[in-house]
Amino acid sequence: MKSIRTRRRLAFAAASTLGLGAVLTGHVTPATAAPKRADLSVTVSAVQPGVPTQGSWRDFTIDLRNVGTATADGVAVSISRPAGTVWGGWGESTSPPGWDCAVGDADWICRRGPLAAGAVADELPLWLSLPAGEAGSTAVVGAVATTTSAEPVLDNNSDEVALPYVEPDLAVALTPDRAGAAVGEQVTYQVGAVNNGPDAEYMKVNIYVPTGMTPVDVFYWQDWDCNLGRDLQLNQDVWSCYTGLMPAGASASELALTMRVDQAVPGDVLTAIARIEGRNGLDMVTENNSAAAPVTVVEAPAVG
């Protein structure tokens, strides 16, 4: 017969074993899952890298996405810009697709419907006329995105882009293929046009045919368009050549003109002139806006 003490030890061991089994076979209570939250991320970018000091129209793009885990309701983007900036609109529409924009004297705000988790909003393009500024300063365009939904992460809700003000500077060079030519011989001139300033929307080069020479032909690539006319004030033939957008730092494609020496005598110096200008003639650096190419008339080579 077992003692009372022995029976108590056995009962305690059995109870301990049952308790351990309950721990091993029971269900563990899971940790509380993190709540889902919206998280808007906005990026502002500029198409052109700079703006002329006299001011100009410039393109911007605002990209918005929800990188959170919940839908963002009541989404709005507030747009900041320099004082004096003019809103360009979107053609015949008051707002771009997917957005409802209101532009006032103080606030520029664009709103849209709910943005699902992981979704990207329709691109928000801006066409703005920026005011004039001093060279070396910047024009800053920014955006702040907000939502009526809970959003604990706010450090990616704003962005901005700063465009430096740059002095417009178009430069031209004119190079003849020879230093001397006899009467009846032809001279071909290469025209070099460079944009040392911000993006130029338009560029024109006039090449003046010197008295004593006759224009023969012009050769150019597709981005040029040339025509021959007459400057009545100077009483000279002139080639006028045009090209469209010239990005900052870019050089225009090949442009060459041929002229023939006609009415001149040996010793005469015939000087062709090239002049370059941008839209409205605005160029703050003028010393490189013209180039001269002198050619000396020489004796015709002896025959026989």
Exercise for the section: Would you mind stating whether residue 253 is modelled with pLDDT of 95 or more and among the small types (Gly, Ala, Ser)? Expected result: no
Completion exercise
Exception for residue 134 within (1) surrounded by 14 or more Cβ atoms within 10 Å (Cβ to Cβ); (2) under 24 Å from residue 289 (Cβ atoms) falls at (1)
Completion exercise
Conditions (1) assigned to a strand (DSSP E or B); (2) closer than 25 Å to residue 198 by Cβ; (3) out of contact with any Asp or Glu (no Cβ under 8 Å at 6 or more places or on another chain) -> residue 77 fails only (2)
Handout entry: Every pair of residues 6+ apart whose Cβ atoms lie under 8 Å, when the first sits in the stretch 59-88 and is buried (at least 20 other Cβ atoms within 10 Å of the Cβ) while the second is polar (S, T, N, Q) and assigned to a loop (DSSP other than H, G, I, E, B)
Key = 72/147; 72/149; 75/147
Problem - Checklist (1) surrounded by 15 or more Cβ atoms within 10 Å (Cβ to Cβ); (2) within 30 Å of residue 284 (Cα to Cα) applied to residue 124, failing item - result: (2)
Exercise for the section: State the number of residues belonging to the stretch 120-141 that are over 19 Å from residue 56 (Cβ atoms) and part of a strand (DSSP E or B). Expected result: 2
Exercise for the section: Just need a number here: residues in the stretch 142-152 that are part of a strand (DSSP E or B) and not polar (S, T, N, Q). Expected result: 4
Fill in the blank from the handout: Taking the stretch 153-195 and the residues there that are outside any strand (DSSP E or B) and under 33 Å from the mean Cα position of the chain (by Cα), the one that is farthest from residue 256 (Cα to Cα) would be 153
Fill in the blank from the handout: Checked 90, 99 against criteria (modelled with pLDDT of 95 or more and not acidic (Asp, Glu)); the one match is 99
Handout entry: Residue in the stretch 191-213 that is of a type outside the set (S, T, N, Q), modelled with pLDDT under 95 and touching a helix residue (DSSP H, G or I) at 6+ places or on another chain (Cβ under 6 Å) present
Key = yes
Problem - Output for the stretch 245-270, where each listed residue is surrounded by 14 or more Cβ atoms within 10 Å (Cβ to Cβ) and of a type outside the set (Gly, Ala, Ser) - result: 246, 255, 257, 258, 259, 260, 261, 268, 270
Handout entry: Qualifying positions in the stretch 163-193 - surrounded by 18 or more Cβ atoms within 10 Å (Cβ to Cβ) and of a type in the set (Val, Ile, Thr)
Key = 166, 172, 187, 191
Completion exercise
Reported set for the stretch 45-82 where residues are modelled with pLDDT of 95 or more and of a type in the set (Gly, Ala, Ser) is 45, 46, 68, 70, 72, 74, 76, 78, 80
Problem - Residues of the stretch 266-298 that turn out to be within 21 Å of residue 177 (Cβ to Cβ) and without any contact (Cβ under 8 Å) to a residue 24 or more places away in the chain, as a count - result: 0
Problem - Every residue from the stretch 196-221 that is of a type in the set (Ser, Thr, Tyr), under 30 Å from residue 49 (Cβ atoms) and part of a loop (DSSP other than H, G, I, E, B) - result: 202
Problem - Test result for residue 149, surrounded by 13 or more Cβ atoms within 10 Å (Cβ to Cβ), out of contact with any Lys or Arg (no Cβ under 7 Å at 6 or more places or on another chain) and either of a type outside the set (A, V, I, L, M) or in the same structural domain as residue 198 (by TED's automatic domain parsing) (or both) - result: yes
Completion exercise
Picking from 83, 102, 70, the residue that is part of a loop (DSSP other than H, G, I, E, B) and under 23 Å from residue 139 (Cβ atoms) would be 83
Practice task
Give the residues of the stretch 36-67 that are among the hydrophobic types (A, V, I, L, M, F, W, C), in a strand (DSSP E or B) and under 18 Å from residue 121 (Cβ atoms), sorted by residue number.
Solution key: 40, 42, 44, 60, 62, 64
Completion exercise
Flagged in the stretch 102-146 as in contact with a Lys or Arg (Cβ under 8 Å, 6 or more places away or on another chain), of a type in the set (Val, Ile, Thr) and farther than 30 Å from residue 196 by Cβ, in numbering order, are 120
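The values are calculated or read from the model by the stated rules, or taken from the named source; none is laboratory data. Please read all numbers here as calculations on a predicted model, not as lab measurements. A quick note on method: Cβ atoms are made from the backbone with ideal geometry, for glycine too, and the neighbour counts reach across all protein chains shown.
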